[in-house]
Amino acid sequence: MAKRTVAEGRRRAAGPPDAKSVEREGVELIRCEARLRRPRVEAGDGAKSEARGDSWSFLRLPAAASGRLRSRGMVSIRGELNGAGFAGTLQPDGEGGHWLRVEKKVREAAEVEVGEVVRLEFSPVLVEPEPEVPADLRKALAAAPAKARDVWKDITPAARRDFVHWIVSPKKAETRVKRIETACDMLAKGKRRPCCFDRSGKFDGSLRCPVAEE
């Protein structure tokens, strides 16, 4: 497929929803369309889930667009949603694809409502941003052997993101506690990535796209 300039890509934004790509400063720019959804409130989840449904929405990346990405795991991106700039992280959907959490402020800037089809134009970032480290992991690292802290500081932001993602992905609190202990032990032994972590969630069933509200 011939490469187009960003300007040409924007002029064609009203075209078919199949994923297309252009070049932006030497980085592939992926264009697609997807419907914005609200996450379903699970029974018994209470006010916390209600607030979640009001504060963010999500979209599932078309398979053609997801297929252009090099990773089946998390991918940090920058781009535009209906012309509004944003930075975010594509999450694995457990089926070899990706989904994107859209914060309320981004949706409002893009002037779109849940249920509408939106235009997405993005590219993976060249420099991986630092992940947000949960308080329980920070506390555990502070109490861990010095070797663990040294390795944590020395590994790449992408490796730190993998550790965080591996720790926060389980649903059970006891599994999370165990993984924090294991992560500190691995770091203390010089290991730079979580062992046997399925970043796509496809094989261990640990990751999935949110269920949309009907």
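Taking interchain pairs and intrachain pairs at least six residues apart, which have beta carbon atoms under 8 angstrom, with the first residue in the stretch 162-173 and farther than 16 Å from residue 75 by Cα and the second aliphatic (A, V, I, L, M)?
167/137; 167/180; 167/183
Within the stretch 73-187, which helices (runs of 4 or more DSSP H) (wholly inside it) include 1 or more residues that are touching a Ser or Thr at 6+ places or on another chain (Cβ under 7 Å) and either in the same structural domain as residue 203 (by TED's automatic domain parsing) or surrounded by fewer than 18 Cβ atoms within 10 Å (Cβ to Cβ) (or both)?
Hits in the stretch 73-187: 104-110.
The values are calculated or read from the model by the stated rules, or taken from the named source; none is laboratory data. Nothing here was measured: the structure is a model prediction, and the numbers come from that model. When we count neighbours, we look across all protein chains shown, and the Cβ atoms used for this are built from the backbone with ideal geometry, even at glycine.
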